[in-house]
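For reference, the structure discussed in these notes is given below.
The values are calculated or read from the model by the stated rules, or taken from the named source; none is laboratory data. Values in this document were obtained by computation on a predicted structure and should not be read as measured data. For neighbour counting, all protein chains shown are included, and Cβ atoms are generated from backbone atoms with ideal geometry for every residue, glycine included.
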Ligand code: HEM
């Protein structure tokens, strides 16, 4: 029989639910490197928190959203204008999804520039990269559900891009559309992906990500000169680190509420498959790829995206390869990171101001 947390009522509960509370106590007392006291080092907790906000607000929206081409737009319109607090829940869902993308990108930059992906954390970098892809797919499928003109045509461009992927492209595009063309099946698929498949995948990958972090521990910073004493190198996960994370959560909720009040989620014209808009705009985090598409061709942009994605996915191994050949890997990493980030930012701003 496992130990009770504090006797009395706790003892009764421990009998009803014979869980090894010692394990929880032990896990909570895990020392965490001191640099996690700085918010930019524990940015991984932010998308985790926002994911919970997304699930909670998403469930509320699901009560009113109708996933059929004839009713989808009208149901979003009703959520925005008629359902009590519908506009607010929809706005929090929209702002939180954008914050989540920003937080994941910032977390990835922190991991990249501190080279925290090195051995033995290569696999966790890859799991994290899949989480980035998943977060963007959440955004893409969610935007398509609104069934307004821009979201409909954004989905059309995305399925055309998928179609241009060598070998497996046509199969992926067929699966996304639910047929040779975009049709009623497409919306049902995006809906199932958005509320079923992606959350399950995200839950699985997040669990694996956290499990690997727990098994490896968070990377300790290397100190130049004399090492600080133990109490300046570590602090406790519970309650110190959890308190920092909770404070960040409260601040985020504040920010999301203010943004939802000042800039509530809007609704464009309804989707019209017969009228192609003059300028198609996807979500902002796809701008860079959309600009690439316009600067090159469908095939070249797909190949470039695949190549860049592949380099990013396998970066820990490329870093290891460089490490064995050069003494200046720290500098190379900074240059690669700055060029990649500025490239992303430049293409994004270019697309944003283009029309
Ligand atoms: C939904 C997305 C993600 C969540 C919720 C998440 C969560 C976390 C958390 C809580 C940590 C612990 C330390 C910290 O807070 O920085 C962490 C560490 C880590 N993450 Fe993520 N992460 C996500 C995406 C990513 C991405 C996109 C990458 C990289 C491609 C990545 C790679 C890593 C690595 C390598 C570590 C270990 C860092 C170290 O040991 O210092 N994660 N993640």
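A few points about this structure:
- Any hit, segment 57-76, residues being under 30 Å from the mean Cα position of the chain (by Cα), within 16 Å of the ligand (Cβ to nearest atom) and either part of a helix (DSSP H, G or I) or at pLDDT 85 or above (or both): yes
- Scanning segment 221-249 for residues being exposed (fewer than 14 other Cβ atoms within 10 Å of the Cβ) and either farther than 20 Å from residue 24 by Cβ or in contact with a strand residue (DSSP E or B) (Cβ under 7 Å, 6 or more places away or on another chain) (or both) gives a total of 14.
- Entirely in segment 88-203, the helices (runs of 4 or more DSSP H) that have 3 or more residues that are at pLDDT 95 or above and within 16 Å of the ligand (Cβ to nearest atom): 122-145
- First in segment 126-137 and closer than 15 Å to residue 106 by Cα, second anywhere and part of a helix (DSSP H, G or I) and within 6 Å of the ligand (Cβ to nearest atom), Cβ under 6 Å, 6 or more apart: 132/104; 135/104
- From 239, 184, 170, 199, residue being in contact (Cβ under 8 Å) with a residue 12 or more places away in the chain and over 23 Å from residue 267 (Cβ atoms): 199
- Within segment 314-321, the presence of at least one residue that is over 20 Å from residue 132 (Cα atoms) and more than 16 Å from the ligand (Cβ to nearest atom) is confirmed.
- Evaluation of residue 259 against (1) within 30 Å of residue 117 (Cα to Cα); (2) crowded, with 17+ Cβ neighbours inside 10 Å (one fails), failing number: (1)
- Taking each residue of segment 296-313 that is at negative phi and touching a residue at least 12 places away in the same chain (Cβ under 8 Å) and looking for partners that are assigned to a helix (DSSP H, G or I) and within 16 Å of the ligand (Cβ to nearest atom) with beta-carbon atoms closer than 7 Å, six or more apart or interchain, yields 312/129; 313/126; 313/129.
The rows are residues; the columns are (1) out of contact with any helix residue (DSSP H, G or I) (no Cβ under 7 Å at 6 or more places or on another chain); (2) crowded, with 17+ Cβ neighbours inside 10 Å.
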| residue | (1), (2) |
| --- | --- |
| 142 | no, yes |
| 145 | no, yes |
| 149 | yes, yes |
| 154 | no, yes |
| 158 | no, yes |
| 163 | no, yes |
| 167 | yes, no |
| 172 | no, no |
| 177 | no, yes |
